[in-house]
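Visitor: Have a look at this one before I ask anything.
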Amino acid sequence: MTTLTAPPAVVARDDLRRPRLRGFAAERVFITRSFIHTIRDVDTMMMAVLLPTMLMLMFTYIFGNAIDPSGGYVDYVVPGIILLCAGFGASSTAISVSRDMTTGIIDRFRTMPLRSGAVLTGHVAVSLVRNLIATAIVIGVALLVGFRPSATPLEWVGAFGMVALYILTITYLFAAIGLAAPSPEAASGYGFILLFLPYVSSAFVPVDTMPEWLQWLAENQPITPVIETIRSLLMGTPKGDSGWWAVGWCVAIIAIAAAWGAWLFRRKAGRR
């Protein structure tokens, strides 16, 4: 009598195959990993809070009286400082992603049964939480130096929602820049260019005080509608259609940055 048995080699391969992680287990692991890195990197967290705070104090006490002698410049400049704070905090994401891509850790991750996008999800999620905390600290300092918003609780929620959407947008963009850059130093340099965008907007001075050739750029770049939306929610200034433009710009940039980042990650991680 003859019996049929599976080939030993096939059985061995099936036994060695690792089961793929289910649900969001991989995302939880990488969010925890990025969170631990954030706690250990105290210097970056301090700079993300201290630098915008110093800029706010400088604009309020040094330039404020020259720009607005009535003493109300702090109410005008705080929304711009909030976005500047978010930009400085999110810029470290480009360096962290680039470091992951250049130090060999991605090679180890590729041997594991997990989704490649979980690495970027960890960086983006922790950056969002870290920068919201930094934003809350900056707003607290602003209240101490005379910032007096007229927002209702619902408008505060709307303002924080707008800030969170902006942080998510710029973090995805910095993550893509980190993937495109050949080194962490280059990622830091490329990302620094984005930090100048708030200066060419209505963040620190009204757009109509700029040279005419610069006004078109300031009015039609993504930062201006985001700032005007936050300013309207906190200070009651006219909003117009800036809210729709702000959300539209953010959603479009997130879609482009996420697609660009996914393509770069597959291309770079796949050829190692």
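The values are calculated or read from the model by the stated rules, or taken from the named source; none is laboratory data. Bear in mind that the values here come from a model prediction, so they are computed numbers and not experimental data. For neighbour counting, all protein chains shown are included, and Cβ atoms are generated from backbone atoms with ideal geometry for every residue, glycine included. We work out accessible area using only protein heavy atoms, side chains counted, and drop any ligands, DNA or RNA first. Shrake-Rupley method; radii C 1.70, N 1.55, O 1.52, S 1.80 Å.
Visitor: Enumerate the pairs (first residue in region 53-78 and under 22 Å from residue 228 (Cβ atoms) and without any contact (Cβ under 8 Å) to a residue 24 or more places away in the chain; second residue anywhere and open to solvent by 20 Å² or more (accessible area, probe 1.4 Å) and of a type outside the set (S, T, N, Q)) with beta-carbon separation below 7 Å, excluding pairs fewer than 6 apart on the same chain, so at least 6 apart or on different chains.
Guide: Pairs found: 68/76; 73/67.
Visitor: A further question on this structure: Do the conditions hold for residue 145, that is, is it of a type outside the set (Gly, Ala, Ser) and either under 10 Å from the mean Cα position of the chain (by Cα) or open to solvent by less than 10 Å² (accessible area, probe 1.4 Å) (or both)?
Guide: Working: of a type outside the set (Gly, Ala, Ser): yes; either under 10 Å from the mean Cα position of the chain (by Cα) or open to solvent by less than 10 Å² (accessible area, probe 1.4 Å) (or both): no.
For residue 145, the condition - of a type outside the set (Gly, Ala, Ser) and either under 10 Å from the mean Cα position of the chain (by Cα) or open to solvent by less than 10 Å² (accessible area, probe 1.4 Å) (or both) - is not met.
Visitor: Answer yes or no: is there a residue in region 130-145 that is touching a residue at least 24 places away in the same chain (Cβ under 8 Å) and part of a loop (DSSP other than H, G, I, E, B).
Guide: Looking only at region 130-145, we keep the residues that are touching a residue at least 24 places away in the same chain (Cβ under 8 Å), and these are 130-132, 134-135, 137-139, 141-142, 145.
From what's left, part of a loop (DSSP other than H, G, I, E, B): 145.
Scanning region 130-145, I find at least one residue that is touching a residue at least 24 places away in the same chain (Cβ under 8 Å) and part of a loop (DSSP other than H, G, I, E, B), so the answer is yes.
Visitor: Just for helices (runs of 4 or more DSSP H) wholly inside region 181-272: which have at least 1 residues that are touching a Leu at 6+ places or on another chain (Cβ under 6 Å), at negative phi and aliphatic (A, V, I, L, M)?
Guide: 223-235, 242-270
Visitor: Looking at (1) at pLDDT 75 or above; (2) open to solvent by 60 Å² or more (accessible area, probe 1.4 Å), which is the one condition that is false for residue 64?
Guide: (2) is the only condition that residue 64 fails.
Visitor: Select, from 49, 42, the only residue that is closer than 30 Å to residue 209 by Cα, modelled with pLDDT under 80 and not polar (S, T, N, Q).
Guide: Going through 49, 42 in turn, the sole match is 49.
Visitor: Sticking with this structure for a sec: Being of a type outside the set (Lys, Arg) and touching an Asp or Glu at 6+ places or on another chain (Cβ under 9 Å): is that true of residue 201 here?
Guide: Spelling it out, residue 201 is indeed of a type outside the set (Lys, Arg) and touching an Asp or Glu at 6+ places or on another chain (Cβ under 9 Å).
Visitor: Next up: Mind listing whichever residues of region 220-241 are open to solvent by less than 30 Å² (accessible area, probe 1.4 Å) and without any contact (Cβ under 8 Å) to a residue 60 or more places away in the chain?
Guide: 221, 224, 225, 232
Visitor: Can you name the number of the only condition in (1) in contact (Cβ under 8 Å) with a residue 24 or more places away in the chain; (2) open to solvent by less than 40 Å² (accessible area, probe 1.4 Å) that residue 247 fails?
Guide: Checking residue 247 against (1) in contact (Cβ under 8 Å) with a residue 24 or more places away in the chain; (2) open to solvent by less than 40 Å² (accessible area, probe 1.4 Å), the one that fails is (2).
Visitor: In region 160-219, which residues are small (Gly, Ala, Ser) and open to solvent by less than 30 Å² (accessible area, probe 1.4 Å)?
Guide: Across region 160-219, the qualifying residues are 164, 175, 176, 178, 181, 186, 187, 191, 201, 202, 203, 218.
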